[in-house]
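The values are calculated or read from the model by the stated rules, or taken from the named source; none is laboratory data. Source: prediction; values computed, not measured. With ideal geometry, Cβ positions are generated from the backbone for all residues, glycine too; neighbour counts draw on all protein chains shown.
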Amino acid sequence: MAIAIERSGVTTRRARRYRARRFIGHALVYLGLTVALVFFLGPFFWIVTTSLKGNEDFFAYPPVWIPSPPSLRHYAGLFTRSSGARYFTNSMVISTLSMLSALAVSLPTAYSIARWRFGGGFLSTLLLVLRMLPAIALIIPIYIMYKMLGLTNSYLGLVVIYTVVYIPFAVWLLVGFIRDFPIEIEDAAMIDGCSRLRAVVQVMVPIIAPGMAVVALFAFIATWNEFLFAIVLTGIETKTMMVLVTSFTTGGTDAFYGEASASVVLGVLPAFAIAFILQRYLVKGLALGGTKG
Amino acid sequence: MRAMTLALKRKQWEPLAFASPALLLIALVIVFPLVYAFYLSLQNFDLSVGADYEYVGAKNYVEALFRDQRFLGSVWNTAAIIAPSLAVELLLGLGLALLLGRVIRGRPVITALLAIPAMVSPVMGAMAWRMMYGVKYGAINNLGRQLGLLDVYFDWFGSPVISVIAVVLVEIWLNTPFMMLVLLAGLQSIPQELYESAKVDGATAWQAFWSITLPLLKFTMAVGVMIRLIDLTKLFGLIFILTFGGPGGATETVAFDTYLVGFKDFRMSYASALSFVIVGGVLVLTLVFLWVQRMREARAG
């Protein structure tokens, strides 16, 4: 409307008032969002700058908000003194393996549900109930069983439990992606003499690969973030980043700022990357429990 | 009806065979342990006493539900954290979603930036906030002093009430973005024509909000709140890092109390019983959730 009036060259008082109101409206929207951005991103800003401070900057008053020059000594300390490199590697290995095996197990199940309605309403209800199940109910029997089997303090133990806990979520998302894949393409491949397995692996998988990547990234971040199983089932050698930060909580709220903040920066790094990659899928993934394992 | 295609045709065993690896794993790693935990909850297995145990019937459940003041207190604590968190997350999430709905340029970027806390692990979020709450060198006290709002070093975990507020603030920071995303999706599914015809009829923005946005968003809000409610019953990592249940047990949640019983006191049977009490609670909440979903689908269809 405003544009049409401008073009005709007749700027009435009403149009001017309308534009002024719209401008104030927009200004308020962006003001509100700026406040929100400061609240939601401020802690990240503070934790990053804190991890780059030298010791004298921590204790300075008035406080130093932006360290100059920035120092990487806490990252060095984290990697040498607190075995940060090892725990970062542990997190990476465990998350990657869990992600791959969750995908491998969930894909055929999702296929069976999407194409043949396997399990009907019962299976989907079961998956929902499993999604709701609190991890605290599993940790006690799992701990006792793992102790007997010698699976505590091992990659295998954590990968197995993460894979299984992640199946409901992965199946759920994958069913959607497979349903969207036109069955005619699969049909054509099978008429040409492909076995079902080849039709799935060589024809369907490459096409739904973006969807599978979404599931994989959610699985990665969920296992990366998981804490309860990690703290109970890991030992000195297999601690993850989440378990590492607990070692900085002893000794009051003011202790260990340097290495603690450096480990938090490393711990939230994947979340940052994945939040941007998965923008479009965030709602669906988060609603189904994608990130909090 | 689609004609039967080759891809849909199957041998009898194929659907089960495809699903079997997942089902087998679920049976071994979830169903069997749950059954075992239920068996344990009827015994008096206590690792701090020894490896022997015997059947005690429902004794553990009676203790949990009627006598264990600490557990009952933790139920109350959990509720005291959940109620304000949910209320603020819903209102703030709605406000942000409405603001984002009016953004013309840069919406995807702003949304993704605001969404980041929802992807961050509660443990990492809690650790960052724990340092910000720091008495002498924390960002909050430093900023407060610089702005002249605080003139003493304030201990955010000194009193039970303020500790709960501090925990709720971190929880809001972590999960409001989730609510915002859900409500934004709900907002975008409301047909624009409704607003246009309301405008033609002379409705103010406020009237449009009350009679179009809110009614159509009601079920989305219900689903969002249910998901958060169920997840909040599992509140553990945040507490572990931020307060470790303190001060004086004021922020001990049900999950955290169960963890302490199991892995500090090593009372395995009793911890199993507690976890089944929690599962019972979550099951009730899940049924309510399913019911809400069904209502929503009935409306939509």
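Of the numbered criteria (1) touching a residue at least 60 places away in the same chain (Cβ under 8 Å); (2) closer than 30 Å to B:ALA185 by Cα; (3) not acidic (Asp, Glu), the one B:ILE230 fails is (1). For B:LEU92, are the conditions met, namely being buried (at least 16 other Cβ atoms within 10 Å of the Cβ), part of a helix (DSSP H, G or I) and at pLDDT 95 or above? In short, yes. Of the residues making up region B:89-121, those that are at the interface with chain A (Cβ under 8 Å from one of its Cβ atoms) and in contact (Cβ under 8 Å) with a residue 12 or more places away in the chain are B:LEU96, B:LEU100, B:THR111, B:LEU114, B:ALA115, B:ILE116, B:PRO117, B:ALA118, B:VAL120, B:SER121. Screening B:LEU194, B:LEU149, B:LEU143 for residues that are surrounded by fewer than 16 Cβ atoms within 10 Å (Cβ to Cβ) and either among the charged types (D, E, K, R) or more than 30 Å from A:ARG280 (Cβ to Cβ) (or both) leaves exactly one candidate, B:LEU149. A:THR223 falls short on exactly one of the conditions (1) more than 11 Å from chain B (Cβ to nearest Cβ); (2) in contact with a Phe, Trp or Tyr (Cβ under 6 Å, 6 or more places away or on another chain); (3) hydroxyl-bearing (Ser, Thr, Tyr), and that condition is (1).
Select from region A:138-187 the residues that are of a type in the set (Gly, Ala, Ser) and closer than 23 Å to B:LYS234 by Cβ and write down the one among them that is surrounded by the fewest Cβ atoms within 10 Å (Cβ to Cβ). Break it down into steps so the answer makes sense when it comes.
Of the residues in region A:138-187, the ones of a type in the set (Gly, Ala, Ser) are A:150, A:154, A:157, A:170, A:176.
Now restrict to residues that are closer than 23 Å to B:LYS234 by Cβ: A:157, A:170.
Working: A:GLY157: 22, A:ALA170: 29.
Of everything passing the filter in region A:138-187, A:GLY157 is surrounded by the fewest Cβ atoms within 10 Å (Cβ to Cβ).
Going by the structure shown, is B:ALA126 in contact (Cβ under 8 Å) with a residue 24 or more places away in the chain, assigned to a helix (DSSP H, G or I) and either in contact with a strand residue (DSSP E or B) (Cβ under 8 Å, 6 or more places away or on another chain) or at the interface with chain A (Cβ under 7 Å from one of its Cβ atoms) (or both)? Criteria not met by B:ALA126. Set side by side, the residues A:ILE208, A:ILE185, A:ILE231 differ, and just one is under 28 Å from B:LEU181 (Cα atoms) and in contact with a helix residue (DSSP H, G or I) (Cβ under 8 Å, 6 or more places away or on another chain), which is A:ILE208.
Residues satisfying the criterion are present in region B:258-267 (criterion: assigned to a helix (DSSP H, G or I) and either loosely packed, with under 15 Cβ neighbours inside 10 Å or more than 8 Å from chain A (Cβ to nearest Cβ) (or both)). With respect to being out of contact with any Gly (no Cβ under 9 Å at 6 or more places or on another chain) and more than 8 Å from chain A (Cβ to nearest Cβ), B:PHE45 fits the description. For region A:134-155, the criterion of being within 19 Å of the chain's Cα centre (by Cα), over 24 Å from A:ALA213 (Cβ atoms) and not in a loop (DSSP other than H, G, I, E, B) is satisfied by no residue at all.
Within region B:141-164, not a single residue is under 15 Å from the mean Cα position of the chain (by Cα) and either modelled with pLDDT of 90 or more or not acidic (Asp, Glu) (or both). Candidates in region A:59-79 are the residues that are away from every other protein chain (no Cβ under 14 Å) and in a loop (DSSP other than H, G, I, E, B); of these, the one that is modelled with the highest pLDDT is A:LEU72.
For region B:227-257, the set of residues classified as assigned to a loop (DSSP other than H, G, I, E, B) and of a type in the set (Lys, Arg) consists of B:LYS234 only.
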